[in-house]
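Visitor: Please see the structure below; I have some questions.
Each reported figure results from applying straightforward, stated rules to the coordinates on display, with no laboratory input. Remember, it's a predicted structure, so these values are computed and weren't measured experimentally. Here the Cβ is made from the backbone with ideal geometry for all residues, glycine too, and neighbour counts use every protein chain on show.
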Amino acid sequence: MKSISFKIGVVISGLVLSLGACKKEAPNIYNMFNDVSVTFKGDHPYSVTAYKEYNDGDSIYIDYTITSAKEDMAAVCVKWEGQEAPVQQISLSDGANKRTYSGVYKMRATRAGESKYRIYALNKQAVYIGDGYTSVTFNVKANYTFVANKKIYVPDSTLKDRPCYYSIKRGESFSYLNGKDVSADLDFGIYRVVAPQAEQGVSVGGYHYYLYSLSASPLFFNINDISTWTKRETLFSGQLAESATFNANTGTTMLSSVSIGTVASAKTINLKELPRTAAAAIKLNSVVYFKTPEGKYGAILFKQITSDLDGKPFVVVNVKVQN
């Protein structure tokens, strides 16, 4: 029995040794691409070399040199970590130095918050060969206000206590009862009318909803006497199906004061009331752009049209505005 046990032990030991001899070390991504190095230079006041803060609208320079010690580079890529594809790809032409390349990627600070960029190289087979295990990060200071999920009620003609007027500056809605004292800050209100039978299919619950400035004259909607109130003359665009522009969390769309101004100023903003037509009525996920009397641009996203537990109808909005 001892002899059999000994033989089994020898076989097992041999098998373990054999398997151990066949084992291969897995590649280590932290030393696979050591032949490529990247340095970031700070020769210009706008340059970022590791981490830097910028103001909205500033110029940003990523000034770099990338070197490959053992393999020719066919292309050099600038990569923003917020998207899959590189923001820039430079092909190195025949006859060029394909072991060292220097470049400057220039951009404008139009996205608030932190962004990370890498520089990496591809060989002639378009295979990644390294980024030097380094990157630069910069932060763009926010210069706009974003207010989410604010309710604006359809006004009532009896108690008059529903918050049916909205102040962009304050980020709050107010009722007729408490609105007079802050009327100089009230930018718009919401009302609804029963949709004609022929337009029921394009209405929300059988109603058309509209936005209006309290400074409109004459008012389509005048259930409340605001004749003694201060009238704030904010101007609006018509409602547009541009929720993707408002909600974008990549790229540079509506993510800074500069980009809000760029997008909104390209619209026709000249209304104090949305026309009382089916086409002009507020739709879910539509956007209305605005310009305040102080010259600040912004946008309103209509997220939801519903009623509370007491059956009182309201509209839910998100608002972005330049500071």
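Visitor: A 25 angstrom limit on the alpha carbon distance is what I want to check against. Which of LYS141/LYS169; LYS52/LYS98; LYS52/LYS106; LYS231/LYS303; LYS267/LYS303 exceed it?
Guide: Checking Cα-Cα distances, LYS52/LYS98; LYS231/LYS303 exceed 25 Å.
Visitor: Please find the FRET efficiency linking ARG99 to ALA126, where r is the Cβ-Cβ separation and R0 is fixed at 22 Å, and quote it to the nearest 0.05.
Guide: Result of the calculation: an efficiency of 0.80.
Visitor: Across region 224-232, in residue order, what do the Karplus-derived ³J(HN,Hα) couplings come to in whole Hz, using 6.51 cos²θ - 1.76 cosθ + 1.60 with θ = phi - 60° and x for Gly and Pro?
Guide: Values per residue, Gly and Pro as x: 10, 7, 10, 4, 9, 7, 6, 9, 8 Hz.
Visitor: Sticking with this structure for a sec: So which of LYS116/LYS320; LYS41/LYS296; LYS180/LYS291 end up more than 29 Å apart by C-alpha?
Guide: From LYS116/LYS320; LYS41/LYS296; LYS180/LYS291, over 29 Å: LYS41/LYS296.
Visitor: Continuing with the same structure: Of SER37, SER259, SER157, which has the largest mean-square fluctuation in a 10 Å C-alpha GNM of the chain?
Guide: SER157
Visitor: Also: By per-residue mean of other Cβ atoms within 10 Å, what is the highest-first order of 283-292, 129-138?
Guide: On the way: 283-292: 20.3, 129-138: 18.1.
The packing order, highest mean first, is 283-292, 129-138.
Visitor: Over the alpha carbons of region 144-322, what is the largest minus smallest coordinate on each principal axis, giving the biggest first in Å?
Guide: Principal extents (largest minus smallest coordinate, Cα): 46, 39, 31 Å.
Visitor: While we're on this one: Could you please tell me the mean projected area of the C-alpha convex hull for the chain, averaged over all directions and given in square nanometres to one decimal?
Guide: On the way: hull surface 125.2 nm².
The number I arrive at for the chain is 31.3 nm².
Visitor: About the Cα centre of the chain, what is the dipole size in debye to 20, counting +1 per Lys and Arg Cβ and -1 per Asp and Glu Cβ, all else neutral?
Guide: 580 debye
Visitor: Also: Among VAL288, PHE302, GLN322, whose Cα projects farthest towards the positive end of the dipole of the chain, with charges put on the beta-carbon of Lys, Arg (+1) and Asp, Glu (-1)?
Guide: PHE302
Visitor: Mind ranking 159-170, 68-79 by how tightly packed they are, going by the mean number of other C-beta atoms within 10 angstrom, highest first?
Guide: Ranking the peptides 159-170, 68-79 by packing returns 159-170, 68-79.
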